1. Tell me the residue from LEU156, LEU207, LEU170 that is closer than 18 Å to THR268 by Cβ and touching a helix residue (DSSP H, G or I) at 6+ places or on another chain (Cβ under 8 Å), please.
2. Is it true that some residue in region 177-186 is on the phi < 0 side of the Ramachandran plot, surrounded by fewer than 18 Cβ atoms within 10 Å (Cβ to Cβ) and touching a residue at least 60 places away in the same chain (Cβ under 8 Å)?
3. In this structure, does VAL188 turn out to be of a type in the set (A, V, I, L, M) and within 23 Å of ALA274 (Cα to Cα)?
4. Any chance you could count how many residues in region 63-74 are over 15 Å from GLY127 (Cα atoms) and assigned to a helix (DSSP H, G or I)?
5. How many residues are within 20 Å of GLU239 (Cβ to Cβ) and among the small types (Gly, Ala, Ser) when one looks only at region 172-206?
6. Among (1) surrounded by fewer than 19 Cβ atoms within 10 Å (Cβ to Cβ); (2) over 21 Å from ALA129 (Cα atoms), which single condition is GLY169 missing?
7. Look at ILE244 and say whether it is more than 21 Å from the chain's Cα centre (by Cα), surrounded by 14 or more Cβ atoms within 10 Å (Cβ to Cβ) and of a type outside the set (Lys, Arg).
8. Going by the structure shown, is SER201 over 15 Å from the mean Cα position of the chain (by Cα) and at pLDDT 95 or above?
Amino acid sequence: MPKEASSRHSFIDAKVLARLSGLGLHARTPMLGNISGHHRSPIRGSSLEFAQYRKYVPGDDLRRMDWRAWGRSDRFYIKEFEADTNLRLCLIVDTSGSLGFTVDGVSKIDRMKSLAGTLAYLASCQGDAVGLYCAGKDFHTEIRPKRSAVHLRLILDKLEFMKAKGETGLAEALHKAAENISQRALVVIVSDLFIEPRILSSCFQHLRFRKHDVSVFHLLDQCEVDFDFDRPTRFVDLEGGEAIMADPSLIGKQYQKAITGYISDLGTVMRDAAVDYHRVNLQDPVGEILARFLLGRKPKKKGANQR
């Protein structure tokens, strides 16, 4: 992917890309694909059919290098085999009105774009396919996973123009993605998850039943948990409901009870569905958020725990 492609999108930081490029994006479960990649496949056997050549990118297995092609052309090429596998990264992003919530100049939708766009760029650069699905009722996007610089630019352009508006369509988007993504994929969801945990449980179980590796970036800032208000405040429903005036001293305890119960129930849902869960505060640097995510997915070396 040309460097200028990332510079034209304000939500992607070149310094963050440089820092994360060496970590690699890995799946936790075996993937199915038809090109050479970095990811385990459930297919086993020694009869691998040659498919095509592609240019070498840092991180490729040197055992796949065609040294004869290098001797003829002075360029590095990798042999691709039909039984090798690549990753399909399917990004499901929330664009509901609640993502307009802003803390110190940073909105949830800004953070969503940075997380999704950076992951898309990293996956594309390592030769993986990337797709984008929108979970907003007022903004419909479904871009099937492909692997090319042009396709990545299309995804980044779509993210650039997304706006926080209307009600969430997350549950419908997750069930639809579970049915429409035909092969195993890494499904990354970026949302504030303002939906009942029991409904999310059904969505996640559906995705897991379809053999997808599911990860969630939960955009929930600490100020939303603390409810640190000391005077009557007008609360606005960013998804289109009525605004209300309330005295925090009268509703504070009920709010804390509700948010504590929600977080507890959500944690249970994530554990039961084996979801890779990451809570995101809006002031957390994108590089640190994604570094933890990527490092947590790096395959453990064989014998690392053996003495």
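1. Among LEU156, LEU207, LEU170, only LEU207 is closer than 18 Å to THR268 by Cβ and touching a helix residue (DSSP H, G or I) at 6+ places or on another chain (Cβ under 8 Å).
2. yes
3. Yes: the conditions hold for VAL188.
4. Adding up the residues that qualify gives 8.
5. 2
6. Of (1) surrounded by fewer than 19 Cβ atoms within 10 Å (Cβ to Cβ); (2) over 21 Å from ALA129 (Cα atoms), only one is false for GLY169: (1).
7. no
8. yes
The values are calculated or read from the model by the stated rules, or taken from the named source; none is laboratory data. These figures come from a predicted structure and were not determined experimentally. Reconstructed Cβ throughout: ideal geometry from the backbone, glycine too, with neighbour counts over all protein chains shown.
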